[in-house]
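Notes for the one structure printed next.
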Amino acid sequence: YKQKGITKSTSFLSLNSNFPNPSMANSTSPGIKRQKLNHHHHHNHQPLIPGLPDHVAQLCLSRLHPSLLYSTCRSWRRLIYSPSFPPFLSLYAVVSPPPPLPPPPSPTSSQTHYSNSIQYYNFDPISSNWKILPPPPPDPPLRLLLRHPSFISRNLPIQSISVSNNLVLLAATSHGFSPALSHPLIFNPLLHSWTYGPSLTTPRRWCALGASSGAIYVASGIGSQFSTDVARSVEKWDLNKRKVNKNENPNVNLGWEWEKKAALKDSRFSREAIDAVGWRGKLCMVNVKGYAVKEGAIYNVEKDQWKEMPDGMISGWRGPVAAMDEEVMYVVDGVKGVLRKYNEEKDVWEEVMESERLKGAEQVAARGGRVCVICTGGGGISVVDVVASPPRLWVVDLPMGLEAVAVHILPRMPG
């Protein structure tokens, strides 16, 4: 990692240079803060800052970078993981063990396929530790097929997305080569729990998945069998419409449902599992990955209308794409190892940085001024600070023996 602008690190601290947001300290009423901090005070038997009430001390401390608080003393370390402290951003990874060696041929073997267990991890950038997430609900059992001998050179897609500070698992393939999920699975980092979303009208796989303004959109794809109607269909699920039920049961989600939206003009977007990138009130997507000749489409979420993608946008779409805060789109050219951002006025992709670490890019996430990239062959998650001048790149190592399937950037889990 001696290339210019590259450092080897597992700290990931730079992700949080703009967090915590001091304004978030005012999101909780002073009475509630004081109650929570009084419990904190009772637990530690000492004030956060001698001579100051704890609720005032927290207002002061919330303006400091969490890494400074973590390394100073235990009481401040506990504070940054308390529910009343503004949550900082961290990495969430969908991971799998590497593919096993193929078994020797056996005339008595009845095994026709194999799969690898999927796990979910959170990387805390302050403590530099990976922590496994609680398992999803056991009923119904989640059986995701990631690898199969018929597809030696590639993984079967497991499609997940981050929206409204939740991790949502929506589409995958089951052992019978049918859709594995009848309902989306949602992980809320702050509640440290999983729940189910509304039943999909048509469970699917190999679809286009995207989010805009707190709503998830699923387009095209294949159900148990190929259907032109499903391959052209588009549905929306607005997470903002969730209502709290009288019993306050987090597993009962009132007001959540899928809405049919304007259909695609044809079924050509069911060829691969693709990202519908939320960008400035639109969803942008192409029908195939990599350098292949593509068709592109843009969906206006307010007008419920589709249109063709501009020539410059589609010609530079040469790898995975993500949008920072739904405002700036970044693409990673997996062949050349170049990170670019889209200039709408000129309809061109402008180079941000080039690195060998970005070659073979398969998936990308963007938030908090950082672009995180998963590349072929594992070796960690590459993180690019696109705010720095010049941009910097470093690597977050994965837990030993695991490979990343997907990466997301979400608030940290409570202590």
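At a glance:
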{"read-out": "Every pair of residues 6+ apart whose Cβ atoms lie under 7 Å, when the first sits in region 171-198 and is in contact (Cβ under 8 Å) with a residue 40 or more places away in the chain while the second is open to solvent by less than 60 Å² (accessible area, probe 1.4 Å) and among the charged types (D, E, K, R)", "value": "Ala171/Arg204; Ala171/Arg205; Pro179/Arg204; Pro179/Arg205; Pro189/Arg412"}
{"read-out": "Hits in region 263-291 (condition: more than 16 Å from Arg232 (Cα to Cα), in a strand (DSSP E or B) and open to solvent by 30 Å² or more (accessible area, probe 1.4 Å))", "value": "Lys282"}
{"read-out": "Search result, residues across region 311-324 that are open to solvent by 50 Å² or more (accessible area, probe 1.4 Å) and more than 22 Å from the chain's Cα centre (by Cα)", "value": "Asp311, Ser315"}
{"read-out": "Lys294 vs. criteria open to solvent by 30 Å² or more (accessible area, probe 1.4 Å) and under 23 Å from the mean Cα position of the chain (by Cα)", "value": "no"}
{"read-out": "Residues satisfying the stated conditions in region 199-211, i.e. of a type in the set (Lys, Arg) and without any contact (Cβ under 8 Å) to a residue 40 or more places away in the chain", "value": "Arg204"}
{"read-out": "Among (1) open to solvent by less than 40 Å² (accessible area, probe 1.4 Å); (2) under 19 Å from the mean Cα position of the chain (by Cα), the one test that Asn343 misses", "value": "(2)"}
{"read-out": "Qualifying residues in region 339-365 (those that are touching a helix residue (DSSP H, G or I) at 6+ places or on another chain (Cβ under 7 Å) and of a type in the set (A, V, I, L, M, F, W, C)) - the one nearest to Ser382 (Cα to Cα)", "value": "Leu339"}
{"read-out": "Within region 349-372, tally of residues that are farther than 22 Å from Asn166 by Cα and open to solvent by less than 40 Å² (accessible area, probe 1.4 Å)", "value": "7"}
{"read-out": "So Val405, is it in a strand (DSSP E or B) and open to solvent by less than 30 Å² (accessible area, probe 1.4 Å)", "value": "no"}
{"read-out": "Tally, over region 64-83, of residues that are open to solvent by less than 10 Å² (accessible area, probe 1.4 Å) and touching a residue at least 24 places away in the same chain (Cβ under 8 Å)", "value": "4"}
{"read-out": "Elements of type strands (runs of 3 or more DSSP E) in region 299-398, at least 3 residues being closer than 30 Å to Asn129 by Cβ", "value": "321-324, 361-367, 370-375, 381-385, 392-396"}
{"read-out": "Conditions (1) among the β-branched types (Val, Ile, Thr); (2) touching a strand residue (DSSP E or B) at 6+ places or on another chain (Cβ under 6 Å); (3) without any contact (Cβ under 8 Å) to a residue 24 or more places away in the chain: number failed by Val94", "value": "(3)"}
{"read-out": "Test: residue in region 153-160 that is on the phi > 0 side of the Ramachandran plot and open to solvent by 40 Å² or more (accessible area, probe 1.4 Å)", "value": "no"}
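The values are calculated or read from the model by the stated rules, or taken from the named source; none is laboratory data. Fair warning: this is a prediction, and the values are worked out from it, not measured in the lab. Counting neighbours? That spans all protein chains shown, and the Cβs are built from the backbone with ideal geometry, glycine included. Quick note on the areas: whole protein, heavy atoms, side chains included, nothing else; ligands and nucleic acids left out. Shrake-Rupley method; radii C 1.70, N 1.55, O 1.52, S 1.80 Å.
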